[in-house]
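One structure, as C-alpha cells, below. Some questions next.
The values are calculated or read from the model by the stated rules, or taken from the named source; none is laboratory data. The shown structure was predicted, so the numbers you read here are calculated from the model rather than taken from an experiment. A quick note on method: Cβ atoms are made from the backbone with ideal geometry, for glycine too, and the neighbour counts reach across all protein chains shown.
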C-alpha cells in the first residue's frame, strides 16, 4: 500500500510497476515525485535501439539534478522486443551499460495501452507511441510537459533544453 494517498499523487506517476525481470514493485509516486521523469518505451531489436546510449548519457549527466529516465520494454511494434524480461535486462546491461530504471514489459499502443501509457497519452493531447523509443517528459509537478517521437534523439537540443528547463524549477515542498 502506498504511503502517499492517490489523491496526492500526480496521475502520471500514480502507478505501481514491477522492476524488469524482478519481483520488486516500485510505487512511481513515492520513488519519483518531485523529479523530472523521462518515460521511454524501448525495444532491443529496433533501428532506434542505439538510443539506449543517449538515454543512459542523459541519466548519468542529469540524475544528480533530479532527472530519472525510466524504460518500459514493449513488443507492440514490429515484434522488436520478443525476448523474456531476463533477456532484455541482460541485453540492456551488457550492450549499453544501462543503469537507469527499467520496468516490466508493457503494452503502449493505442487500444491496448497499459493504464500508465493511457494517462501519458491523455496528458500529451492524445499522443500514443507510434513506434519504439517514444518519449514523454514529466515535469517536477508530475504532469507531462512534452512528448517526443522515436526520431527525436535523446541528444536532441529540443529535448535537452526542455528537460533542463524542468530541472531548473524547484521541486514542490
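Filter the stretch 120-136 down to residues that are under 18 Å from residue 9 (Cβ atoms) and buried (at least 20 other Cβ atoms within 10 Å of the Cβ), then give me how many there are.
We begin by selecting, within the stretch 120-136, every residue under 18 Å from residue 9 (Cβ atoms); these are 120, 122-123, 136.
The next check asks that each one be buried (at least 20 other Cβ atoms within 10 Å of the Cβ); those that pass are 120, 136.
Going through the stretch 120-136 one residue at a time, the tally reaches 2.
Now a separate question. Which of the residues belonging to the stretch 32-48 are touching a residue at least 60 places away in the same chain (Cβ under 8 Å) and over 12 Å from the mean Cα position of the chain (by Cα)?
Residues satisfying the conditions are 33, 34, 35, 43, 46, 48.
Quick check on my filter: what residues within the stretch 55-78 are more than 12 Å from the chain's Cα centre (by Cα) and either at pLDDT below 95 or under 21 Å from residue 127 (Cβ atoms) (or both)?
58, 75, 76, 77, 78
Test residue 127 against the criterion of being in a loop (DSSP other than H, G, I, E, B), closer than 24 Å to residue 165 by Cα and touching a strand residue (DSSP E or B) at 6+ places or on another chain (Cβ under 6 Å), and give yes or no. Quick ask: steps written out before the conclusion?
Numbers: in a loop (DSSP other than H, G, I, E, B): yes; closer than 24 Å to residue 165 by Cα: yes; touching a strand residue (DSSP E or B) at 6+ places or on another chain (Cβ under 6 Å): yes.
Spelling it out, residue 127 is indeed in a loop (DSSP other than H, G, I, E, B), closer than 24 Å to residue 165 by Cα and touching a strand residue (DSSP E or B) at 6+ places or on another chain (Cβ under 6 Å).
Could you tell me whether any residue of the stretch 1-23 is farther than 26 Å from residue 168 by Cβ, at pLDDT below 95 and in contact with a helix residue (DSSP H, G or I) (Cβ under 7 Å, 6 or more places away or on another chain)? Walk me through it before giving the result.
Just the residues of the stretch 1-23 that are farther than 26 Å from residue 168 by Cβ, to begin with: 1-3, 5-7, 15-23.
With at pLDDT below 95 added as a condition, the list becomes 1-3, 5-7.
Cutting the leftovers down to in contact with a helix residue (DSSP H, G or I) (Cβ under 7 Å, 6 or more places away or on another chain) gives us 2-3.
Yes: one or more hits.
Separate question: With the structure loaded, tell me whether residue 99 is within 22 Å of residue 21 (Cβ to Cβ), within 14 Å of the chain's Cα centre (by Cα) and loosely packed, with under 14 Cβ neighbours inside 10 Å or whether it fails that test. Give the derivation first.
On the way: within 22 Å of residue 21 (Cβ to Cβ): yes; within 14 Å of the chain's Cα centre (by Cα): yes; loosely packed, with under 14 Cβ neighbours inside 10 Å: yes.
So residue 99 passes the test.
Using the structure shown, decide if residue 144 is touching a residue at least 60 places away in the same chain (Cβ under 8 Å) and either more than 22 Å from residue 24 (Cβ to Cβ) or over 13 Å from the mean Cα position of the chain (by Cα) (or both). Break it down into steps so the answer makes sense when it comes.
Working: touching a residue at least 60 places away in the same chain (Cβ under 8 Å): yes; either more than 22 Å from residue 24 (Cβ to Cβ) or over 13 Å from the mean Cα position of the chain (by Cα) (or both): yes.
So residue 144 passes the test.
Can you tell me which of 98, 145 is under 19 Å from residue 55 (Cα atoms), at pLDDT 95 or above and assigned to a strand (DSSP E or B)? If you could, list the steps in order and put the result at the bottom.
Numbers: 98 fails: assigned to a strand (DSSP E or B).
The match here is 145.
Would you call residue 41 surrounded by 19 or more Cβ atoms within 10 Å (Cβ to Cβ) and either modelled with pLDDT of 95 or more or closer than 19 Å to residue 90 by Cα (or both)? Explain how you work it out, then say what you get.
Numbers: surrounded by 19 or more Cβ atoms within 10 Å (Cβ to Cβ): yes; either modelled with pLDDT of 95 or more or closer than 19 Å to residue 90 by Cα (or both): yes.
Yes; evaluated as a whole, the condition is true for this residue.
Name the residue, out of 85, 104, 81, 166, that is in contact (Cβ under 8 Å) with a residue 60 or more places away in the chain, crowded, with 19+ Cβ neighbours inside 10 Å and either within 23 Å of residue 15 (Cβ to Cβ) or more than 13 Å from the chain's Cα centre (by Cα) (or both). Working first, answer last.
Numbers: 85 fails: crowded, with 19+ Cβ neighbours inside 10 Å; 104 fails: crowded, with 19+ Cβ neighbours inside 10 Å; 81 fails: in contact (Cβ under 8 Å) with a residue 60 or more places away in the chain.
The match here is 166.
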